[in-house]
Each structure stands twice: as C-alpha cells, then as structure tokens.
Amino acid sequence: MTGRVVVIGVGNVFRRDDGAGPAVVEALRDRVPGGTVLAVSDGEPGRMLDLWHGSDTVVVVEAVRGRPARPGRLHTLSVAEAAANPRSSASTHALGLGECFALAEALGRLPRELVVHAVEVSDVELGTGLSGPVRSALPELVDRAAATVRKAHLRRA
C-alpha cells in the first residue's frame, strides 16, 4: 500500500451547483496534510481511475439529485451505496459514479477505501455560482471531506 490520499471534486463550475465538488477541492488547499492529492474531474470514468491509480484512500466530492429533493442536504456514501444509485449524479458528465465504480471494480482498480461526500443540488443550469442551499451546506461538506482525509493520513502514520 502506498498511503496515497486523493480528493477528487467532480463537477462543472459552469453548471451552478454542479460546481460544489470543485469548490470543496479549492477550500481544502490549506486544510489537508501535505502530500494529499487534490484534483478536479468532469467524472469521466477513465480519467477518474487515472486520478486515483495507486491510491489507498480516495475521497470523491460530488453533487447529486435527491428524491425527494432537499437541496443542501449532505450525504456520505460508501462505494456500494453510490453504486446502488448509478444515475444519481447531477453533474454534466454522461456516466454517474455508480458506473465509474463498477468499471473500477471490474478492472481491479478500486482503492482500499473510497468515500463519497455529496450535496443535493438545487440548480444545475448554465451559469456560475452555487445556489443558496448548496452554498450554505458547503462549509460542512468541506469539514466532512477534510475529516476523512485527516483520518486516512493518521492511519498511514
């Protein structure tokens, strides 16, 4: 095991709330231990697998649609939970996280630990800036991602 920790903010900053993942990555720059890899992705499975290749812990931050919708509600999902609802992604990428995780599993490329921190969206139309509910939830989403990263680094120490 490498001990490598990667945080991937999935989303598109030009689709309003879909920019939550990239916003979390930016907020984490001064909050996580050195050596943590911070990356932004459009969610395309091949690129996601490349980003986490060789990692022990991967934290994915994503915007999702809830049913019933409660914009700003936060979720922490395991790989199995995310895979159970493969079309939950609200971002503009064609495939959801479920398909990405299924591909990684089929190829034997799932990291030892993979955690998804997600926020339910309100608006994914063209434009910049997060909606009020997502903007209000962002500090807690950042805290959750940072805590997962810190725990991963403590385990490897």
Item to complete: Please work out which one of (1) among the hydroxyl-bearing types (Ser, Thr, Tyr); (2) surrounded by 15 or more Cβ atoms within 10 Å (Cβ to Cβ); (3) at pLDDT 90 or above is the condition residue 128 fails and give its number.
Response: (2)
Worksheet entry | Condition met for residue 120 (buried (at least 19 other Cβ atoms within 10 Å of the Cβ), of a type in the set (Asp, Glu) and either at pLDDT 95 or above or closer than 18 Å to residue 79 by Cα (or both)) | yes
Item to complete: Answer yes or no: is there a residue in segment 136-144 that is open to solvent by 30 Å² or more (accessible area, probe 1.4 Å) and modelled with pLDDT under 95.
Response: no
Discussion item. Among the residues that make up segment 68-83, is at least one of them of a type in the set (Gly, Ala, Ser), under 15 Å from residue 148 (Cβ atoms) and surrounded by 22 or more Cβ atoms within 10 Å (Cβ to Cβ)?
Written reply: yes
Response to the item:
When residue 17 is run through (1) over 11 Å from the mean Cα position of the chain (by Cα); (2) surrounded by 21 or more Cβ atoms within 10 Å (Cβ to Cβ); (3) assigned to a loop (DSSP other than H, G, I, E, B); (4) not hydrophobic (A, V, I, L, M, F, W, C), the failure sits at (3)
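The values are calculated or read from the model by the stated rules, or taken from the named source; none is laboratory data. The structure displayed is predicted, hence computed values, not measured ones. Heads up, the Cβs are rebuilt from the backbone with ideal geometry, glycines too, and the neighbour counts pull from every protein chain shown. When the accessible area is computed, the model is the full protein with side chains, heavy atoms only, and any ligands, DNA or RNA have been set aside. Shrake-Rupley method; radii C 1.70, N 1.55, O 1.52, S 1.80 Å.
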